[in-house]
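Asks: First the structure, which I've put down as structure tokens, then a few questions once you've had a look.
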Amino acid sequence: MPLKVIIVDDSIITVKKLIVLLEGLGHQVVATAGTGIEALEAYRAHKPDFLTMDITMPDMDGVQATASIISEYPDARIIMVTSHGQERMVIDSLEAGASGYVLKPVRIDKLSDMIAKVMERTA
Amino acid sequence: MTAPFPGGNPTDPGYWEVIFDVIPFPVYVADCTSFEIICANRAMLQRVDAKSGAKCHMAIYGQPTPCSFCRMPQLEQATESGSNYIEFEHFNDRDDRWYQLRETMVAWFDGRRAKYSIAVDITALKEVQNALAEAHAELALKHRQLNGALVAEQEVSLNQRNFLAMVSHEFRMPLSIIGGAAQVLELYNTDKPEAGEEIAKIDRAVHRMSDLIDVCLADERLASAVTAVQLNDVDLPQLLAEICAEKRKMSGPERIATISSDIDHVFVKADSGLLRVAISNLVDNALKYSPIASGPVEIALTSTGDRVQVSVADRGPGISEAERERIFEKFYRSTSATGIRGAGLGLYIVKQIIDRHHGLVEVRPGAVTGSVFTISLPAEGKASAVANL
């Protein structure tokens with residue numbers, strides 16, 4: 001059963017790579033967003049099974065965008081896919097409500113494991 | 001084959017490319033205003049198509065517009081404050097590599113302000129750091145999950161306790177009405193022994209139910225963090241006499257022997273309600289496990305140093321050594337309890353109550369048969385005298 005997913009990242013290259021990885025895992029990318037505000041709008045429109053979220057973005061950053069989505073949809077499953085590995089970023093993201101954390105470069109096995117964990121945790 | 005040296009004309013980008021080519025790391029120079037690449041070395045060109053005139057954001061990072069993470073503005077600010085370079089780490093999505101970048105503001109020879117960037121690949125180092133960061137995130141997530149489970153369990157436990165307390169309180173009133181009615185019936189019934197026996201059954205059932213409610217409420221009080229145990233001076237022989245009188249009334253006088261005691265007055269600092277529940281439970285257990293006509297349950301009050309002991313000896317099947325610690329666990333039922341009603345709460349409650357009074361409760365085999373349960377408590381004051389209660 002393919003899961004519906006939204007990719008949030010302002011890097012076109014990352015979005016393309018994630019589409020290939022996620023579709024390779026059998027999931028369906030229903031939307032992509034390049035800003036925090038677009039992410040919230042896409043979430044409202046598609047109610048995906050999970051969402052991948054970058055941290056550095058124009059307008060609202062990924063941590064704020066996560067907090068906004070969670071405040072509206074407390075059961076949302078959000079996986080941070082980022083290059084930021086600093087402890088503060090990790091804690092801020094998890095406090096905002098993220099359910100998983102994957103650091104770039106994203107490998108398919110790492111992403112697949114994290115999706116399985118996130119879906120299990122919030123099942 | 002070596003590239004010919006261009007003749008020492010620094011305004012020629014080729015001059016610099018030859019110099020930069022000896023640097024083993026990727027290097028490029030870009031115009032700060034137009035983002036056009038002025039020149040790039042061989043190590044750079046091997047990685048990306050950063051030819052002269054291309055936009056740096058497109059050629060290096062694949063972005064059609066200047067990158068959101070572009071450090072040009074920061075570099076301008078650094079230059080204004082007296083420093084002409086910045087260093088940072090950056091992940092390039094295009095080749096999935098981590099770089100340590102040093103970018104320097106330079107005045108190019110044709111008058112343009114330009115950025116000179118040198119990148120060192122630090123992917124191997126970052127992968128180790130990232131594995132640690134991911135493990136840290138995983139731990140933080142597990143911690144959050146466990147915390148959530150704990151809060152949910154506490155909530156369920158609180159709801160159970162509240163429900164139990166509410167139900168127990170609600171049961172008291174109808175029970176006392178039934179008990180009172182049974183006593184009134186007994187007054188009217190002077191000549192029908194069968195009816196008298198039925199009334200006695202009602203009375204025993206009411207007392208049993210009342211004792212169960214006491215146990216439930218004691219558990220609720222002990223579990224509730226907000227309710228403190230209320231300690232007062234309790235006259236222990238007096239309390240024992242009251243409990244025995246009540247139990248004799250219920251089970252028959254022959255089933256409980258006269259209390260043997262080497263002291264007639266001793267006070268303990270205790271919550272009298274809770275201590276009554278603890279001792280009552282031990283006596284009830286002894287009565288429950290001692291077969292009818294096996295002889296009376298024996299209760300003794302003794303003192304040793306500054307402690308006082310209440311022991312209750314039954315004539316039941318005894319408790320194996322392996323079970324002696326476990327019988328005080330919540331919901332644990334001894335293998336010898338088969339066929340005897342109980343929830344596995346009684347001895348747990350006894351231990352909880354005695355622990356709160358800085359006392360000890362233990363069990364040992366009886367002299368001939370059965371078991372002897374002993375509660376030991378710190379004594380407040382006592383007067384020795386042989387007395388029978």
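Asks: Would you mind finding the one in B:ALA181, B:ALA137 that is touching a strand residue (DSSP E or B) at 6+ places or on another chain (Cβ under 6 Å) and either within 14 Å of chain A (Cβ to nearest Cβ) or within 25 Å of B:ALA200 (Cβ to Cβ) (or both)? Can you show your working first?
Replies: Values: B:ALA181 fails: touching a strand residue (DSSP E or B) at 6+ places or on another chain (Cβ under 6 Å).
Only one candidate qualifies: B:ALA137.
Asks: Also, I was wondering about something else. I want to confirm something. Restricting to region B:37-65 and keeping residues that are part of a helix (DSSP H, G or I), open to solvent by less than 80 Å² (accessible area, probe 1.4 Å) and within 14 Å of chain A (Cβ to nearest Cβ), which single residue is nearest to B:ASP93 (Cα to Cα)?
Replies: Of everything passing the filter in region B:37-65, B:TYR61 is nearest to B:ASP93 (Cα to Cα).
Asks: Tell me which residues, restricted to region B:251-279, are in contact (Cβ under 8 Å) with a residue 24 or more places away in the chain, more than 18 Å from B:ILE353 (Cα to Cα) and open to solvent by less than 40 Å² (accessible area, probe 1.4 Å).
Replies: B:SER251, B:ARG255, B:ILE256, B:ALA257, B:ILE259, B:SER261, B:ILE263, B:VAL266
Asks: Under the condition of being touching a residue at least 24 places away in the same chain (Cβ under 8 Å) and within 14 Å of chain A (Cβ to nearest Cβ), which residue from region B:103-126 is least open to solvent (accessible area, probe 1.4 Å)?
Replies: B:THR123
Asks: May I ask you to list the residues in region A:6-51 that are in contact (Cβ under 8 Å) with a residue 40 or more places away in the chain and among the acidic types (Asp, Glu)?
Replies: Those that are in contact (Cβ under 8 Å) with a residue 40 or more places away in the chain and among the acidic types (Asp, Glu): A:ASP9, A:ASP10, A:ASP49.
Asks: Moving on to the next point. Of everything in region B:75-95 that's open to solvent by 70 Å² or more (accessible area, probe 1.4 Å) and under 24 Å from B:THR123 (Cα atoms), which residue is nearest to the other protein chains (Cβ to nearest Cβ)?
Replies: B:ARG94
Asks: Could I ask something else about it? Within region A:76-98, which residues are part of a loop (DSSP other than H, G, I, E, B) and open to solvent by 10 Å² or more (accessible area, probe 1.4 Å)? Reasoning before the result, please.
Replies: Going through region A:76-98, the residues part of a loop (DSSP other than H, G, I, E, B) turn out to be A:76-77, A:83-86, A:97-98.
Residues satisfying the conditions are A:ARG77, A:SER83, A:HIS84, A:GLY85, A:GLN86, A:GLY97.
Asks: Ok, one more. So which residues in region A:49-64 are within 16 Å of A:GLY34 (Cα to Cα), open to solvent by less than 50 Å² (accessible area, probe 1.4 Å), at pLDDT 85 or above and not in a helix (DSSP H, G or I)?
Replies: From region A:49-64, those within 16 Å of A:GLY34 (Cα to Cα) are A:51-64; that's our starting set.
Checking the rest, the ones that are also open to solvent by less than 50 Å² (accessible area, probe 1.4 Å) come to A:51-55, A:57, A:60, A:62-63.
Still in the running and at pLDDT 85 or above: A:51-55, A:62-63.
If the condition is that a residue be within 16 Å of A:GLY34 (Cα to Cα), open to solvent by less than 50 Å² (accessible area, probe 1.4 Å), at pLDDT 85 or above and not in a helix (DSSP H, G or I), then A:LEU51, A:THR52, A:MET53, A:ASP54, A:ILE55 are the ones that fit.
Asks: Further question: Give A:THR56, A:THR35, A:THR52, A:THR66 a once-over and let me know the one that is hydroxyl-bearing (Ser, Thr, Tyr) and in contact with an Asp or Glu (Cβ under 6 Å, 6 or more places away or on another chain).
Replies: Answer to the selection: A:THR35.
Asks: Can you find a residue that is within 12 Å of another protein chain (Cβ to nearest Cβ), assigned to a helix (DSSP H, G or I) and more than 26 Å from B:CYS70 (Cα to Cα) anywhere in region A:65-75?
Replies: no
For (1) part of a helix (DSSP H, G or I); (2) out of contact with any strand residue (DSSP E or B) (no Cβ under 6 Å at 6 or more places or on another chain), each residue gets a yes or a no:
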residue: B:GLU198; (1), (2): yes, yes
residue: B:ARG208; (1), (2): yes, yes
residue: B:ASP211; (1), (2): yes, yes
residue: B:ASP219; (1), (2): yes, yes
residue: B:LEU239; (1), (2): yes, yes
residue: B:LYS247; (1), (2): yes, no
residue: B:ILE263; (1), (2): no, no
residue: B:LEU282; (1), (2): yes, no
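Asks: If B:VAL156 satisfies every condition in (1) within 14 Å of chain A (Cβ to nearest Cβ); (2) farther than 27 Å from A:MET114 by Cα; (3) not small (Gly, Ala, Ser) but one, which is the exception?
Replies: (1)
The values are calculated or read from the model by the stated rules, or taken from the named source; none is laboratory data. This structure is a prediction, so every number in the text was calculated from the model and none was measured. Cβ: placed from backbone, ideal geometry, glycine included. Neighbour counts: every protein chain shown. With ligands, DNA and RNA removed, areas are computed over all heavy atoms of the protein, side chains included. Shrake-Rupley method; radii C 1.70, N 1.55, O 1.52, S 1.80 Å.
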